[in-house]
Amino acid sequence: MPRNRTVIEIGFYGGLLAVLVGILFEIFPMFLPAAVADRIGNNSEGVLLALLLALWIQFARTDLSGSPREWPVAAAAAFACLAIAVFLLLTDFPTRFRTLNEAFLAASVLIPYVQVRRPLPPNLATWLSVAVLAVIVFGQRTQVVTDLAETLGVLVLAPIGFDIVDRGILDPRAVTSTRLRYAWYAILVITPIAFSVLEYGVGLSGVAGEVTRYAVRIAEAFLFMLLVEMYFAMGLGRTGQRSGVVSPEAPVQTLL
């Protein structure tokens, strides 16, 4: 229903914005225990990226699709995000502001990625995720790969989420599996918790310790994917087609 949809949209975007403001202006420590406020504060990049990309997918992508200004605007938006990321890196702002550079850097890559017309060539999404994962595996001891942990984590998960599991978000004609989607959501929730327990509770050493330390750094990538996918798939019903039944979104959207 239109009214329910509006409530969901306001709740989602308003909630993300409220959390982001609370983190950046240090409001949460005023009324929450320090441990809880710190935990919320550590998720600012994931919250910001979810806000940016959801706005783009819902309002810019559909409006631009197929128009002459589609790629000039998408390229300009990506460049603006990249410029902001560089600006934040070069400033002496407090860490809570400077750390947002990775969210803007990830957005500079994801905006063109999601703008591409769907469906993608077979297995392209899988190979993209594998390629980024290989960069992480072979370069995790380098400073660049360590510093870009959140961005690289997002680039591993995004092709899986948008073009393997929740394909209905970007392509209303795509056939999706409810079981696969819910299993994926469970993975997005359980994986960062498991790595956090291994890192701070168990304290692994050696190669296993290096893996868990890096995985803990990309926890916000899991949060980002969970927020965006659940908003569009469960909140707005963008689940594509299931068993020959067209999603409610399909009649009003063209193949993007």
Exercise. Take the alpha carbon atoms of segment 66-94, find their center, do the same for segment 135-201, and report the distance between the two centers in whole angstrom.
Key: 23
Exercise. Would you work out the relative contact order for the chain, in percent, from Cα pairs under 8 angstrom that are 6 or more residues apart?
Key: 21
Quiz prompt | Euclidean distance of C-alpha centroids, segment 42-59 and segment 1-20, integer Å | solution = 13
Practice problem: Decide, for segment 74-172, between rounded, prolate and oblate: order the square roots of the alpha carbon gyration tensor eigenvalues as a ≥ b ≥ c, take rounded if a/c falls under 1.5, and otherwise choose prolate if a/b is larger than b/c, else oblate. | Solution: oblate
Quiz item: Rounded to the nearest 500, what is the chain's calculated 222 nm mean residue ellipticity when only DSSP H runs of at least 4 contribute -39500 (n - 2.57) each, over all residues?
Solution: -19500 deg cm²/dmol
Practice problem: Scan (i) 29, 21, 20; (ii) 36, 21, 15; (iii) 40, 26, 13 for the value of semi-axes √(5λ) of the Cα gyration tensor in Å calculated from this model and give just the label. | Solution: (i)
Quiz item: With all protein chains present, how much of the accessible area of segment 1-111 (probe radius 1.4 Å) comes from carbon and sulfur, to the nearest whole percent?
Solution: 71
Quiz prompt | Förster radius 41 Å - calculated FRET efficiency between Ala80 and Val216, Cβ distance, rounded to 0.05 | solution = 0.85
Quiz item: Is the shape of segment 130-213 rounded, prolate or oblate, going by the alpha carbon gyration tensor and its root eigenvalues a ≥ b ≥ c, with a/c under 1.5 for rounded and a/b larger than b/c for prolate?
Solution: oblate
Quiz item: Among the helices of the chain (complete DSSP H runs), which have Cα atoms covering no less than 15 Å along the helix axis and a Kyte-Doolittle mean of at least -0.5?
Solution: 2-24, 44-55, 70-90, 101-115, 124-139, 149-160, 178-196, 206-217, 219-229
Self-check item: Label point at Glu70 placed 7 Å out along Cα→Cβ; residues across segment 143-187 whose backbone nitrogen lies under 13 Å
Solution: 171
Quiz item: How many nm separate the modelled label positions at Val116 and Arg3, each set 7 Å beyond the Cα in the direction of the Cβ?
Solution: 4.3
Self-check item: Full-stretch length increase - Ile40, Ala183 - with 0.36 nm per residue and alpha-carbon distance subtracted
Solution: 49.0 nm
Quiz prompt | Loop GluC sites (Glu not before Pro), segment 32-139, which have at most 11 other Cβ atoms in a 10 Å radius of their Cβ (DSSP) | solution = none
Self-check item: segment 1-141, relative contact order in percent, only Cα pairs under 8 angstrom and at least six apart counted
Solution: 23
Self-check item: Cα shape, segment 1-118, gyration tensor, a/c 1.5 rule
Solution: oblate
Practice problem: Compute the length gained on full extension between Leu89 and Met230: take 0.36 nm times their separation in residues and subtract their Cα-Cα distance, giving the result in nm to one decimal. | Solution: 47.7 nm
Quiz prompt | Charge dipole (debye, nearest 20) of the chain; +1 at Cβ of Lys and Arg, -1 at Cβ of Asp and Glu | solution = 660
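The values are calculated or read from the model by the stated rules, or taken from the named source; none is laboratory data. From a predicted model like this one, the values you see are computed outputs, not experimental measurements. Here the Cβ is made from the backbone with ideal geometry for all residues, glycine too, and neighbour counts use every protein chain on show. Side chains are part of the model used for accessible areas, which takes the heavy atoms of the whole protein and leaves out ligands, DNA and RNA. Shrake-Rupley method; radii C 1.70, N 1.55, O 1.52, S 1.80 Å.
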